[in-house]
Each structure stands twice: as C-alpha cells, then as structure tokens.
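Colleague: My questions all concern the structure below.
The values are calculated or read from the model by the stated rules, or taken from the named source; none is laboratory data. All figures in this text were calculated on a predicted structure; none of them were measured in a lab. Reconstructed Cβ throughout: ideal geometry from the backbone, glycine too, with neighbour counts over all protein chains shown. Ligands, DNA and RNA are stripped out before the accessible areas are found, and what is left, the full protein with its side chains, is counted by its heavy atoms. Shrake-Rupley method; radii C 1.70, N 1.55, O 1.52, S 1.80 Å.
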Amino acid sequence: MQNDISKKNWILIWVFGLAGQLCWNVENAWFSTFVYNKVAPDPNIISWMVGLSAVVTTFCTFLIGTWSDRIGKRKPFVSIGYIFWGVFTIVFGVGEFLPKSPITLVATFVVLADAIMSFFGSFGYDAGFSIWTTDISNEHNRGRLGGALAVMPVIATIFGTVVSGMIVDALGFFDFFILMGGLVIVIGVVSLFAMKDAPDLKPRREEKTYWRQLTKVFNWRTVSENRELFWIFIVMLIYFIGFNVYFSYITIYFVNYLGYSFTVAGALQGGALVLAAFMTIPTAKMIDKGLLARVITIALVSNTLGLLCIAFAKGIAFLCVGMFLAGCGYILTLQSLTAWMKNLYPEDQRGQFEGIKQVFYVALPMIFGPMIAAPVINNWGVEKLVNNISGMVPGPSLFLVSAAVTALAILPLIAANRLHKRRLSERAATHLEAL
C-alpha cells in the first residue's frame, strides 16, 4: 500500500466524515435539548434514548461490519446508510407535533425514532465509512488521518452549536432537522458515484457461514491475542463514560441553568473549539513517532481541568477557557486513540473489530454515562420550569462528576503503553535480526 492517501480520497474523507459528524452532533447535542424543550424536561427519557441508540449502534456495526468483511465491499453500506440516516433524522422531528398526553406515547416515539436513526447512522458511518478509511490508510499516515477524523467532530460541534443554535432560534427544531437530514441524504447519493473501495480490498470469508464468522470474535482468545488493543478500548471506555455524563446535557446547562439563548450557548461551545482543532497539527507528528500515550496523558489532564473550569465558571470568559481545555482533551484523545486502534486492527477482521470498538466507544459509555448523569441531575440539579413544565435542570455538579470519571482513564493507559513499548522493542529487534 502506498504511504500517501490520494487527494480524491482526502476530499471524500472530509466530505463524508463531516456530513456524518454533523448528523451525529445533531443527535448528541440537539435531540436531548429537543426532548427537554418540546417533550418533557425529564432526564430519564434522555437516558433511555441515549442508551437504546448506543446498543442499536453497536449491534449494527457488528452485523454490518462482518457482512462488509465477507463480501469485501464498504461503498454500498455508506450509500444506503447515509440516505436512510438523513430520512430518520427528519422523522425524529415529527415528535414535536405529537400529543403530549399521555407522555409515554411521545416519549416512546422519540426513543424508537432515535434508535432507528442510529441504526442507519452506524450502517453508513461506522460499518461503512470508518472501515473504508482504515482500508485506504496505513500506519505511516494514520496520525494525519486520526487528526482529520478527530477534528471533524469539533468542526461539527462548532457548526452544530453556533449555526444550529441560530437555525433553531430562527426556524424551530423541525426545520432544523429537515435541513440536517437533507444534507446527509444528498451526501449518501453523492457517494454512489464518487466513492470507490480500496483496490486491495477482497472478501474475507474466514468461516464457512456468516454467523460463525460473526461469533468468532467473541472468545477469550481474541482478547489474549490483542491485549494492547483491548487496553486501548478500556481507555476509550472510561474516557467516554465521563464524556457522556455531561455532553448530552451541556446545551441544557447553558440555556436552562445559566440562562443563555441557543445562539449564545452555541457560540460558547463552538468558539473555543476552533482553537482546539489546531492542536492536532503538532500532535499528529508525535503520534506518527509513536508517542501516543504522551499525547493522551496531556489530553486527559487538559480535559479534566476544562471540566473543572466549566463547573466553577462565573462568567463567559472562564467558560470559554474551560470549553477550550475540554475541547483539546476530547480532540487529542480521539485523534490518538483512532490512530492507535487502526494500527492494531487485524487485517482480516477490520469490520468486526470496528464493532468491538463500538462497545467501548458508544454502547457502554452511552448507557453508563446518562445512568450516572440522571441521579446527579435529580439529586443535585435545580428545579425549574421548562416550557411551562417543572423539571430538574443539570447544575455544576454534573461537570465535577464527569471530571472525576475522566481522570480514571489514566490507569488503563499505563498498561496499554507498557504493551506498546514492548511491541515496538520486539519489532526493532526483529528488524535488526533481518539485517
């Protein structure tokens, strides 16, 4: 494989990656706010919604990732997934017009609509696009690839907070969902004509049947043969549990606790993140040199300090500092983990291991994060009227809890780095013997 990713593929990486991240941002940042303002200010609805969509996303990545491995194709999954991803983003917004009594019916609708949308999002992005980026890259350019893939959620967050806040204030939630869903549908159609699978991609039929190949990955031998990779997964698990404690509620915190408009809340989140995105440039070189653990350590410290700043902030300036530090922590952690994992994926099981990653990146964090957040909000939040309905609004305590969980990710990182150094030493020794 060539060391360089072609210019055309770089363009496709940015176009499909940004479109996908924008749609994920709509779900992660705005679905929860929509529920609070248009359905009911109840963190339990959000907990169910986030948890079920996480399980569906992971389940889909396993099923479709294995399927794409067996047939040796990624493009069809990108195209189909993106088109229906956009469709069900629009469908979710219909919940605004459903009767609110009994609340159980509309709550069930938004939970199920989010789950279906997440299925197709995973179908197109995780089981299609993400694995495609692994196919067309190698360990010599994955620092840059990881940087690009890590910057995309930040750009999506900037757009999804600043611009989306303005759209929601000006047009309302449903028109906003139509615009975002329509964008992803268009990108899905474009992929039918613009995307090509990696030239060396071929069917990987390691077992006679699909189901035997699917279940092959679920055994202890898989863990023992990929110990470094699974320690990285645990780092990811702990970090994103901490992330999901607060992320679904941060706009709610700015709007309903601090009293800012959606536009100002978006500017607070997006403005500081612009600077954070530039941090991926120097760290890409560090990652390509193998200094992965050092970058992640810096990121965890930055993230923890940022969350503490947000919790204790008394004004916009201090909030911006906190958002910048937390943004740096998020983007550098994601950049480093992405490159580290892709270097370790077994070549014949990339689709399946993308599914395993989703367990630690999406399913468990999005189940346990909101599960932690709900009692914190209910016990230490503030009771307020939201859309003339009384409910509990998150307070600073949410960010303190998130900071504490995030800091724990340093523990598995120590074990992962030990195995990483051992692997590099063994590779160097083997190279010397060959000479």
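Colleague: If only one of Ile298, Ile310 is over 18 Å from Ser248 (Cα atoms), out of contact with any strand residue (DSSP E or B) (no Cβ under 9 Å at 6 or more places or on another chain) and hydrophobic (A, V, I, L, M, F, W, C), which one is it?
Modeller: Checking each option against the conditions leaves just Ile298.
Colleague: Based on what the data block shows, is Phe174 assigned to a helix (DSSP H, G or I), open to solvent by 20 Å² or more (accessible area, probe 1.4 Å), out of contact with any Gly (no Cβ under 7 Å at 6 or more places or on another chain) and not β-branched (Val, Ile, Thr)?
Modeller: Judged against the criteria, Phe174 is not a match.
Colleague: Consider Val111 against the criteria (1) open to solvent by 10 Å² or more (accessible area, probe 1.4 Å); (2) out of contact with any Leu (no Cβ under 7 Å at 6 or more places or on another chain); (3) assigned to a helix (DSSP H, G or I): it satisfies all of them except one. Which criterion is unmet?
Modeller: (2)
Colleague: Same structure, new question: Please give the number of the condition Gly271 fails out of (1) touching a Cys at 6+ places or on another chain (Cβ under 7 Å); (2) without any contact (Cβ under 8 Å) to a residue 12 or more places away in the chain; (3) not hydroxyl-bearing (Ser, Thr, Tyr).
Modeller: Single failed check for Gly271: (2).
Colleague: Looking at (1) buried (at least 21 other Cβ atoms within 10 Å of the Cβ); (2) under 20 Å from Ile296 (Cα atoms), find the lone condition where Ser248 falls short.
Modeller: (2)
Colleague: Can you tell me which residues in segment 306-317 are open to solvent by 70 Å² or more (accessible area, probe 1.4 Å) and in contact (Cβ under 8 Å) with a residue 40 or more places away in the chain?
Modeller: Phe312, Ile316
Colleague: Continuing with this model, one more query. Do we have any residue at all in segment 227-250 that's part of a loop (DSSP other than H, G, I, E, B) and either within 24 Å of Pro370 (Cβ to Cβ) or not hydroxyl-bearing (Ser, Thr, Tyr) (or both)?
Modeller: No, the conditions are met nowhere in segment 227-250.
Colleague: Still on this model: Is it true that Ile131 is among the β-branched types (Val, Ile, Thr), more than 27 Å from Ala265 (Cα to Cα) and open to solvent by less than 40 Å² (accessible area, probe 1.4 Å)?
Modeller: It is true that Ile131 is among the β-branched types (Val, Ile, Thr), more than 27 Å from Ala265 (Cα to Cα) and open to solvent by less than 40 Å² (accessible area, probe 1.4 Å).
Colleague: Within the group Val50, Val56, which residue is modelled with pLDDT of 85 or more and within 20 Å of Gly93 (Cβ to Cβ)?
Modeller: Val56
Colleague: A follow-up question, please. Can you name the residue in segment 287-304 that is free of Cβ contacts under 8 Å to residues at least 60 places away in the same chain and aliphatic (A, V, I, L, M) and is also nearest to Arg422 (Cα to Cα) among such residues?
Modeller: Restricting to residues being free of Cβ contacts under 8 Å to residues at least 60 places away in the same chain and aliphatic (A, V, I, L, M), the top hit is Leu291.
Colleague: Hey, another quick one. When only residues in segment 333-346 that are closer than 13 Å to Ile131 by Cβ and among the hydroxyl-bearing types (Ser, Thr, Tyr) count, which is farthest from the chain's Cα centre (by Cα)? Spell out how you get there, then give the answer.
Modeller: As a first pass, look at segment 333-346 and keep what is closer than 13 Å to Ile131 by Cβ: 338, 341-342, 345-346.
Filter once more, keeping what is among the hydroxyl-bearing types (Ser, Thr, Tyr): 338, 345.
Working: Thr338: 11, Tyr345: 19 Å.
Per the stated criteria, the residue is Tyr345.
Colleague: Within segment 48-62, work out how many residues are surrounded by fewer than 24 Cβ atoms within 10 Å (Cβ to Cβ) and touching a Pro at 6+ places or on another chain (Cβ under 9 Å).
Modeller: The number of residues fulfilling the criteria is 2.
Colleague: Here is a follow-up. Tell me the residue from Phe399, Phe318, Phe353, Phe312 that is aromatic (Phe, Trp, Tyr), at pLDDT 85 or above and under 29 Å from Leu149 (Cβ atoms), please.
Modeller: The unique qualifying residue is Phe399.
Colleague: Of the residues Phe31, Phe16, Phe88, only one is open to solvent by 10 Å² or more (accessible area, probe 1.4 Å), aromatic (Phe, Trp, Tyr) and touching a residue at least 40 places away in the same chain (Cβ under 8 Å); which?
Modeller: Matching residue, one of Phe31, Phe16, Phe88: Phe88.
Colleague: Search segment 360-417 for residues being within 19 Å of Leu305 (Cβ to Cβ) and among the hydroxyl-bearing types (Ser, Thr, Tyr), and hand back the single one that is most open to solvent (accessible area, probe 1.4 Å). Explain how you work it out, then say what you get.
Modeller: Here is the first cut: in segment 360-417, the residues within 19 Å of Leu305 (Cβ to Cβ) are 396-411, 413.
Then keep just the ones that are among the hydroxyl-bearing types (Ser, Thr, Tyr); that gives 397, 402, 406.
Working: Ser397: 29, Ser402: 0, Thr406: 2 Å².
If we take residues in segment 360-417 being within 19 Å of Leu305 (Cβ to Cβ) and among the hydroxyl-bearing types (Ser, Thr, Tyr), then Ser397 is most open to solvent (accessible area, probe 1.4 Å).
Colleague: Please go through segment 263-293 and give me each residue that is over 22 Å from the mean Cα position of the chain (by Cα) and open to solvent by 30 Å² or more (accessible area, probe 1.4 Å), ordered by number.
Modeller: Thr263, Val264, Pro282, Lys285, Met286, Asp288, Lys289, Leu291, listed by residue number.
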